[in-house]
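Have a look at the structure below, then the notes.
The values are calculated or read from the model by the stated rules, or taken from the named source; none is laboratory data. Being a predicted model, the structure only gives us computed values, none of them experimental. Virtual Cβ from ideal backbone geometry, glycine too; neighbours counted across all protein chains shown.
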Ligand code: 3EB
């Protein structure tokens, strides 16, 4: 049994004993303080907005005890056949990578290590990946940094004999002001069902206009655990087909994102074993590029998803310069076993 909890402050986090049941999570916000949790935690240093403005810890709690480990430079925990891990690599450590940019080399190395860990743990199926790195729209080595990341990621999938299309994980790739490449992931012993969006071309089939290598992710992943299933909706942007729509208009982009999320949730529901998932019940992370757009985006989401919707707003950069926001969502349902 897994449960996703979002908590406001270290004081509200479980004590050391209960912490054994925390699989892992993320710290979001500027200054999480000196608190360093015993579980793998991805640090996302970015301004938050709204009621959660000071920072928060998100945790995946497990009813089964967790086993902890540190290998391949990855902090990880597993509970039964589910594993959560976090890896951080400094690009400076990859500056001698020859023709290839340090970010590309670091990305390939991070994924290669993840695949080695998962093979060793016999939990080879990557369900969801959270990718963060500095200056995502910046250019070096003649290529935008997001596109450099895409080369390294795809190379690692191909080198790991995983293929870079079809059954690939749900993901997000988000730009922060600075910091190392930070990747968190969840994996399991059973493959998740990769879900695509009928309104969008699969990202792994994007034409070369968006970079020499396509991004390696699915629009959503539906993962099964004993008695449960998790729907991970990938970072979703105002993209129809493969094109950005509503450039310059955050409100219109937000409405398009909601239409995309509704479509991908519908597609997932054709595969789900539990009651249908609905957008209103999901936990959201909303990445907004410009602080000036926050109020309008928040108001629109409250109208569309309901005032009680579970939303965390993060000021961050999106992988295409013309995208003003990106939204990801997660939900867990009980199933008959
Ligand atoms: C898009 O749909 C927007 O490269 O892992 C969304 C989710 C996006 C994941 C990734 C990128 C990624 O192309 C960007």
Exercise for the section: Would you check if residue 87 is crowded, with 22+ Cβ neighbours inside 10 Å, more than 16 Å from the ligand (Cβ to nearest atom), touching a residue at least 12 places away in the same chain (Cβ under 8 Å) and under 25 Å from residue 330 (Cα atoms)? Expected result: no
Exercise for the section: Looking for whichever is under 18 Å from residue 173 (Cα atoms), touching a helix residue (DSSP H, G or I) at 6+ places or on another chain (Cβ under 9 Å) and away from the ligand (no atom under 11 Å from the Cβ) here; the options are 221, 250. Which one fits? Expected result: 221
Problem - Filter pass, residue 92 being more than 16 Å from the ligand (Cβ to nearest atom), part of a helix (DSSP H, G or I) and at pLDDT 95 or above - result: yes
Exercise for the section: Answer yes or no as to whether residue 215 is under 22 Å from residue 143 (Cβ atoms), crowded, with 21+ Cβ neighbours inside 10 Å and within 15 Å of the ligand (Cβ to nearest atom). Expected result: yes
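From 167, 197, which residue is away from the ligand (no atom under 11 Å from the Cβ), in a loop (DSSP other than H, G, I, E, B) and either in contact with a strand residue (DSSP E or B) (Cβ under 9 Å, 6 or more places away or on another chain) or closer than 23 Å to residue 76 by Cα (or both)?
Just a single option satisfies the conditions, and that option is 167.
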Practice task
Could you check, for the range 91-107, whether at least one of its residues is closer than 24 Å to residue 212 by Cβ and within 17 Å of the chain's Cα centre (by Cα)?
Solution key: yes
Exercise for the section: Select the strands (runs of 3 or more DSSP E) contained entirely in the range 220-337, then report the ones holding at least 1 residues which are surrounded by fewer than 15 Cβ atoms within 10 Å (Cβ to Cβ). Expected result: 325-334
Fill in the blank from the handout: residue 277 vs (1) touching a helix residue (DSSP H, G or I) at 6+ places or on another chain (Cβ under 9 Å); (2) over 25 Å from residue 227 (Cα atoms); (3) touching a residue at least 12 places away in the same chain (Cβ under 8 Å): all pass except (2)
Exercise for the section: Considering each residue of the range 109-129, count those that are surrounded by 22 or more Cβ atoms within 10 Å (Cβ to Cβ) and under 17 Å from the mean Cα position of the chain (by Cα), and give that number. Expected result: 7
Completion exercise
Note on the range 48-82: residues surrounded by fewer than 18 Cβ atoms within 10 Å (Cβ to Cβ) and assigned to a loop (DSSP other than H, G, I, E, B) are 53, 54, 63, 64, 65, 73, 81
Practice task
For residue 235, indicate whether it is within 11 Å of the ligand (Cβ to nearest atom) and on the phi > 0 side of the Ramachandran plot.
Solution key: no
Exercise for the section: Name the single residue, out of those in the range 117-147 being over 19 Å from residue 235 (Cα atoms), touching a residue at least 40 places away in the same chain (Cβ under 8 Å) and touching a strand residue (DSSP E or B) at 6+ places or on another chain (Cβ under 8 Å), that is farthest from the ligand (Cβ to nearest atom). Expected result: 120
